[in-house]
Each structure stands twice: as C-alpha cells, then as structure tokens.
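The values are calculated or read from the model by the stated rules, or taken from the named source; none is laboratory data. The shown structure was predicted, so the numbers you read here are calculated from the model rather than taken from an experiment. A quick note on method: Cβ atoms are made from the backbone with ideal geometry, for glycine too, and the neighbour counts reach across all protein chains shown. The accessibility values were calculated without ligands, DNA or RNA, using every heavy atom of the protein model including side chains. Shrake-Rupley method; radii C 1.70, N 1.55, O 1.52, S 1.80 Å.
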Amino acid sequence: MKTKTVLAAAALAAVAGAASAEVKVGMITTLSGGGAGLGIDTRDGFMLAIGQAGRDDIEVVIEDDERKPDVAVQIADRMIQSEKVDVLTGIVWSNLAMAVVPSATGQGLFYLSTNAAPAQLAGAGCNPNYFSVSYQNDNLHEAAGAYATQAGFGKTFIMAPNYPAGQDSLNGFKRFYEGELSGELYTELGQTDYAAEIAQIRASDADSVFFFLPGGMGISFLKQYADSGLELPLVGPAFSFDQGILQAVGEAAMGVKNTSQWSKDLDNAANAAFVEAFQAEYGRLPSLYAAQGYDTANLLISAIDKADVSDDEAFRAALAEADFDSVRGEFSFTSNQHPVQDIYVREVIKEGEVYTNKIVATAMEDRGNAYEGDCKM
C-alpha cells in the first residue's frame with residue numbers, strides 16, 4: 001500500500017503544506033522495506049534544513065516509493081499532474097531515478113538528486129533541469145579504485161548488484177584501479193544470501209575485495225563475510241559502511257576503509273552545525289544520505305531566494321551558482337551539473353558504543369565526473 005505524508009511545521013521541524021507556499025516540492029523516497037533507512041535519512045536531512053530556514057514559501061509533499069520503479073512513476077505522475085509540484089527530489093535508487101527523471105525533466109520539472117546519479121543522466125541523457133547534488137554514481141567507487149592502488153592491492157575481487165548504480169560502481173572502480181581483477185560479478189538487487197559469492201572469493205587468488213552493496217544487502221554480506229573466516233581486506237564506498245549500516249553490522253566492519261565525499265568529522269562550520277542539529281532533532285548521528293538531503297534543501301533555498309521557479313532560465317542559473325554553505329565545504333557544479341568535490345578515505349571506528357567513521361586520507365581532490373564530454377547541453 002502506498003503511503004503519503006504531508007509534513008506540518010511541527011513535524012520534523014519543517015514547513016510543509018503551507019497555504020502561502022510559492023514553491024511546491026515533491027519528495028519521492030524509500031520509507032518502507034529494506035531500504036527504508038536510506039530514505040528516512042534523506043527525508044530527515046532535507047526537512048531539517050527547511051525547518052531551520054523557517055520558510056513558509058516552501059511546501060513539501062513526501063511519498064514512499066517502496067523501492068519499486070512502477071510505484072515511483074505513478075507517484076511522480078500524480079505529483080506533476082495533480083499536486084502541480086515545481087521540483088522533484090529524494091530518489092535513493094538509480095533504477096527508480098531512470099524510471100522517473102527523464103520523464104519529469106521532459107515535462108519541464110526541475111529534479112534535484114539527493115542520491116541516485118546514474119551515468120546515463122550525466123552523459124548523453126543529461127538535461128538542463130537535472131542537477132545532482134550528491135555525486136555522479138561512479139565517484140566514490142573511482143576513489144576506492146584509487147585507494148586500492150595506493151594501498152598496493154594487486155588482485156582485487158569486485159562485486160556489485162546488477163542495476164545502474166552497481167554497473168557504475170564497477171566501471172568507476174576499474175577506471176582508477178591499476179591492479180588485476182581476480183574476479184568480477186554482479187549480484188541480484190535485494191539479495192541477502194552471499195554464500196556462493198563468498199565461495200568464489202575464497203576460491204580466487206584475490207588479495208582484497210571491493211564491494212558495493214547498499215542498505216540491507218551490505219549488512220547481510222558483511223555479517224556473512226565475517227562468519228566465513230575470510231580475512232582479505234575489504235574496500236567499499238560509503239554506502240556499504242554508512243551510519244545506519246554500521247550499527248547493524250558491528251564489529252565485523254571495524255577498521256574497514258571506505259570512500260566518501262562527506263563524513264561527520266569534516267572540519268568546516270556548516271558541517272559541525274549540521275551534525276549537532278541533526279543529533280539534537282533526531283537523536284542519532286546523521287548519515288551520508290542525511291547530509292546530501294540537507295545540502296539539497298539548502299541549494300533549493302538559495303535558488304528560491306534569487307529567482308522565481310517559474311522562470312526556468314533564471315532558476316536554473318540560480319541553482320548552478322550553488323550559493324550555499326555545503327556540509328562538504330567547497331561546492332560547485334560541473335558543466336553537466338554534478339558536483340566538483342574532494343573524496344576521502346574513511347576508516348570504521350567505535351566511539352563509545354557507536355560505530356562510525358573517521359577520515360584518514362584524501363583519495364581525490366576536486367573530482368568532477370567522467371561524462372562531461374558526453375553531455376551536449
């Protein structure tokens with residue numbers, strides 16, 4: 001059953017459903033099932049920023065996509081045709097983004113990505129009304145490939161789910177990895193049993209393992225890998241070692257290196273304020289998804305302050321300026337409207353009773369993306 005939530009000012013410190021709203025935002029995200037934690041964090045980060053800004057000119061309509069492309073398409077159509085939203089945002093999963101974004105931007109809607117940013121939408125499928133505020137899907141995996149090379153790994157086994165983000169992840173890793181591959185495979189999206197994959201890793205000559213398994217998939221794999229007795233070093237993107245996942249995995253994740261463009265210990269004033277405010281509001285540490293949702297909302301607010309959303313050219317220019325204080329520090333857009341940003345190596349640690357990450361190195365500086373040349377805007 002589809003759920004629909006319109007958040008009031010008292011809920012999540014946000015302003016939504018305001019009668020005087022001039023900009024209507026449709027958030028389609030995952031609030032139930034195996035990926036619910038990712039969507040909840042996205043929503044909470046976004047709404048925290050809206051609430052902090054005290055805006056009565058922004059209405060946010062939030063619906064649960066259930067991690068199903070057909071449901072996401074139905075919601076998007078309803079938001080565009082009945083709700084008359086001006087901006088769409090919030091999708092976590094790249095297969096859902098591919099189902100929704102081209103149609104939405106084709107109808108003149110602005111789409112601001114809080115997470116999913118598949119290669120197809122960065123290259124030939126780019127659109128003037130599509131901005132990724134998170135990254136380009138390949139980015140964190142490119143940084144993992146660069147780190148694996150720097151760490152001296154020469155025979156890495158690589159693995160990801162078979163959907164657009166998974167394909168981007170392995171392509172990204174290989175782009176900057178200079179060693180040999182001891183194995184490469186795609187798993188099923190939503191898979192929870194990795195016995196066969198772990199057996200393949202054991203039978204290979206691998207000296208390390210790179211994997212991209214977000215949400216519950218990563219929890220299942222990490223627990224099973226730890227129980228298997230294999231001791232090959234693991235490398236992954238932040239999605240496999242994010243704040244929500246770490247608490248479920250526990251000791252099995254300790255010491256693992258992962259790559260991210262954000263971390264709670266990034267040393268800038270905007271990030272320190274965000275982490276403190278998020279903990280105060282929700283009683284937990286923020287995740288990468290929350291940070292990206294927060295930045296997306298602040299980007300939107302900055303553009304609303306400069307231009308009318310009904311003036312496409314002016315509003316697009318205001319978004320492209322990226323005139324807001326990002327939790328990542330310096331932030332700008334490439335020509336195909338994806339971030340230019342540093343990407344870090346983090347290590348899983350334990351602070352008191354909480355598993356979290358700390359930055360230990362910088363893997364890439366001012367990284368854009370590999371698809372700018374393919375975008376003909």
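Does Asp56 satisfy the condition of being open to solvent by 10 Å² or more (accessible area, probe 1.4 Å) and under 23 Å from Ser310 (Cβ atoms)?
The answer is yes for Asp56.
Does the range 336-343 contain any residue that is on the phi < 0 side of the Ramachandran plot and either in a loop (DSSP other than H, G, I, E, B) or modelled with pLDDT under 95 (or both)? Can you show your working first?
First, pick out the residues of the range 336-343 that are on the phi < 0 side of the Ramachandran plot: 336, 338-343.
From what is left, the residues that are either in a loop (DSSP other than H, G, I, E, B) or modelled with pLDDT under 95 (or both) are 336, 338.
Within the range 336-343, one or more residues are on the phi < 0 side of the Ramachandran plot and either in a loop (DSSP other than H, G, I, E, B) or modelled with pLDDT under 95 (or both).
Among (1) modelled with pLDDT of 85 or more; (2) of a type in the set (A, V, I, L, M, F, W, C); (3) open to solvent by 40 Å² or more (accessible area, probe 1.4 Å), where does Leu48 come up short?
(3) is the only condition that Leu48 fails.
With open to solvent by 60 Å² or more (accessible area, probe 1.4 Å) and under 19 Å from Asn129 (Cβ atoms) as the only criterion, which of Glu276, Glu281, Glu321 stands out? Steps first, answer last, please.
On the way: Glu276 fails: under 19 Å from Asn129 (Cβ atoms); Glu281 fails: under 19 Å from Asn129 (Cβ atoms).
After ruling out the rest, the residue left standing is Glu321.
Are any residues in the range 192-223 in contact (Cβ under 8 Å) with a residue 40 or more places away in the chain and open to solvent by less than 20 Å² (accessible area, probe 1.4 Å), and if so, which ones?
Ile201, Ala206, Ser208, Val209, Phe210, Phe211, Phe212, Leu213, Pro214, Gly215, Met217
Considering Ala146, Ala124, which residue is under 30 Å from Lys376 (Cβ atoms) and under 21 Å from the mean Cα position of the chain (by Cα)? Break it down stepwise before answering.
Working: Ala124 fails: under 21 Å from the mean Cα position of the chain (by Cα).
Unique residue meeting the criteria: Ala146.
Out of all the residues in the range 337-353, is one or more hydrophobic (A, V, I, L, M, F, W, C), open to solvent by 30 Å² or more (accessible area, probe 1.4 Å) and in contact with a Pro (Cβ under 6 Å, 6 or more places away or on another chain)?
no
Being open to solvent by 10 Å² or more (accessible area, probe 1.4 Å), under 20 Å from Val360 (Cβ atoms) and either among the aliphatic types (A, V, I, L, M) or over 23 Å from the mean Cα position of the chain (by Cα) (or both) narrows it down to one of Ala248, Ala226, Ala151, so name that one.
Details: Ala248 fails: under 20 Å from Val360 (Cβ atoms); Ala226 fails: under 20 Å from Val360 (Cβ atoms).
Going through Ala248, Ala226, Ala151 in turn, the sole match is Ala151.
When the range 172-191 is examined, which residues are found to be under 16 Å from Asn369 (Cα atoms), open to solvent by 70 Å² or more (accessible area, probe 1.4 Å) and without any contact (Cβ under 8 Å) to a residue 60 or more places away in the chain?
The one that is under 16 Å from Asn369 (Cα atoms), open to solvent by 70 Å² or more (accessible area, probe 1.4 Å) and without any contact (Cβ under 8 Å) to a residue 60 or more places away in the chain: Lys174.
Determine which single condition Thr356 fails, assuming it passes every other condition in (1) within 30 Å of Pro128 (Cα to Cα); (2) open to solvent by less than 30 Å² (accessible area, probe 1.4 Å).
Condition (1) is where Thr356 drops out.
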